[in-house]
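What follows draws every value from the coordinates through simple rules; no lab data is involved. Since this is a predicted model, take the numbers as computed values, not measurements. As a convention, Cβ positions derive from the backbone with ideal geometry for all residues, glycine included, and neighbour counts pool all protein chains shown.
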Amino acid sequence: MSRLSKTMKKELAQIQPSSILAFNQEISAIPDIVKLTLGEPDFNTPDHVKQAAIKAIENNDSHYTDSRGTEGLRQAATHFLNSKYDLNYDPDTQVLVTTGATEGIFSALTAILNPGDSVIIPTPIFPQYIPVNILNGGTPIFVDTSDNGFVLSPEKLQATIEANKDTVKAIVLNFPNNPTGVTYKKDDLEKLAAVIKQYDIFVISDEIYSELTYDGTHVSMASILPEQTVLLNGASKSHAMTGWRIGLLCGPVDVVTEIAKVHQFAITSATTNAQAAAEEAFKSGPDDGQKMRVVYQERRDLLIDGLQKAGFECASPNGAFYLFAKIPAGLIQNSVDFCYDLARKAKVAVIAGSSFGPGGEGYVRISYAASTENLKEAIKRIQQYVTDNQD
Ligand SMILES: Cc1ncc(COP(=O)(O)O)c(C=O)c1O
């Protein structure tokens, strides 16, 4: 290590580059591998959305926009959130267009945390919350939900807040959840909100998969506890737009005003033509995601059936596009070792459950944002692997 690099931010020593991306890259070298690794829709961005971006480029919309996002996109987005989830955000003061939900997570936690604060993180969860917390001097308090069907119970939440009352500043909720696919119903959210209301803590509610809810409709935490919720959503999953990098952050006026300072100095504004595309997506294609959802659901059912036949138990996945499956007895139980073995012997790549925090060990995350053909091939290979390797 050079003299200079030793002087850098000390929290970086606790942070490793994403193990998911590293694994994905490593196994990509295996010829003929079927990858069910990444959380990326395999659909193309809808044509009408692409056309809007082309038009913006041709119109020379190539300048910075308002740091909060274009007025047109903020209006289209708040209208979308209102019609879908009954949320009432003022487009002028309560919305930021972020560079993906990723930047929303970063800006929100950076604005909220002081060194020494702690954040309750129910796990397994999308791992980004952990390093961003640590970078901001926060301490993650993990709550393992694996013994409760991957759902945070109000009792466990209350006990965790009480045990950390002096430091706890926020709780992160992510539903439908990456990696388990589990989501919360209105009744679950109301019970959690009744606990949270008793304390001055934020809820960072990551609802990026809201449009991919299979039974019933998505209910937002922001419709139940608007005064304490910072809502994260965006176009990445609902409109198959991961590469366009458009997210939404919404919340109470004074909270958004403060987060906007971090956002402004981090990115100035989101990409102009991508904002034009997202405006079109939310305004003219609010149900684009529903068409994809029907296909995802068929794939989910295909995969559950194939995995169950191979002896895997899955959490009940009512949203997103992942199955979180328990590695059957008689196979390698360490999830990282299992994933490497499966990749090498069966040429199927899935992600180790331990990447998603406490409660994930012994499981694997399988993404069904993949073609039906690839899923069928993966099921065949996994079933053969189990037959060949189970003792
Ligand atoms: C739960 C969750 N939040 C946020 C993100 C990041 O979203 P974006 O691509 O909009 O930055 C992901 C991506 O996989 C995710 O799974």
Spatially proximal aspartates and glutamates relative to Lys165 (Cα-Cα < 13 Å; intrachain offsets below 8 disregarded): Asp117, Asp200
Inter-label distance, nm, simple model (7 Å from Cα along the C-beta direction), Val295/Gln384: 2.7
Helix-only [θ]222 nm of the chain, DSSP H runs n ≥ 4, -39500 (n - 2.57) each, per residue, nearest 500: -13000 deg cm²/dmol
Nonlocal amide H pairs with Thr98, under 5 Å, H built at 1.01 Å: Gly247, Leu248, Leu249
Length-normalised contact order of the stretch 128-202 in % [C-alpha pairs under 8 Å, at least 6 apart]: 29
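Scan the chain and report its longest stretch carrying no chymotrypsin sites (Phe, Trp or Tyr not before Pro) that are both in a DSSP loop and have at most 16 other Cβ atoms within 10 Å.
It works out to 200-391.
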Lysines with Cα under 30 Å of Lys309, excluding same-chain neighbours fewer than 8 positions away: Lys35, Lys185, Lys237, Lys291, Lys326, Lys345, Lys347, Lys376, Lys380
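Take the Cβ-Cβ distance between Thr217 and Glu190 as r, set R0 to 22 Å, and report the resulting FRET efficiency rounded to the nearest 0.05. Please report the intermediate quantities before stating the final value.
Numbers: r = 15 Å, r/R0 = 0.70.
Plugging the Cβ-Cβ distance into 1/(1 + (r/R0)^6) gives 0.90.
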Environment charge at Gly181 (Cβ cut-off 11 Å; Lys +1, Arg +1, Asp -1, Glu -1): +2
Of Phe338, Leu323, Pro127, farthest towards positive along the dipole that unit charges on Lys, Arg, Asp, Glu beta carbons give the chain: Phe338
Cα centroid of the stretch 80-103 to Cα centroid of the stretch 192-236, whole Å: 12
Mean Cα-pair separation over length for the stretch 47-284, i.e. relative contact order, pairs under 8 Å, 6 or more apart, %: 32
Val203 long-range amide H proximity, modeled H, under 5 Å: Ile171, Thr229, Val230
Loop-exposed trypsin sites (Lys or Arg not before Pro) per DSSP, neighbour cap 11 Cβ within 10 angstrom, longest uninterrupted part of the chain: 166-391
Of all DSSP beta bridges in the stretch 47-284, antiparallel share, percent nearest 5: 30
Distant-in-sequence amide H partners of Val143 (H built 1.01 Å from N, under 5 Å): Ile121, Thr123
Modelled FRET efficiency - R0 56 Å, Gln16 with Leu302, Cβ distances, 0.05 increments: 0.95
Check: the chain dipole with +1 on Lys, Arg Cβ and -1 on Asp, Glu Cβ, in debye: 800
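To the nearest 20 Debye, how big is the dipole of the stretch 236-391 about its Cα centre, given +1 on the beta carbon of each Lys and Arg and -1 on that of each Asp and Glu?
280
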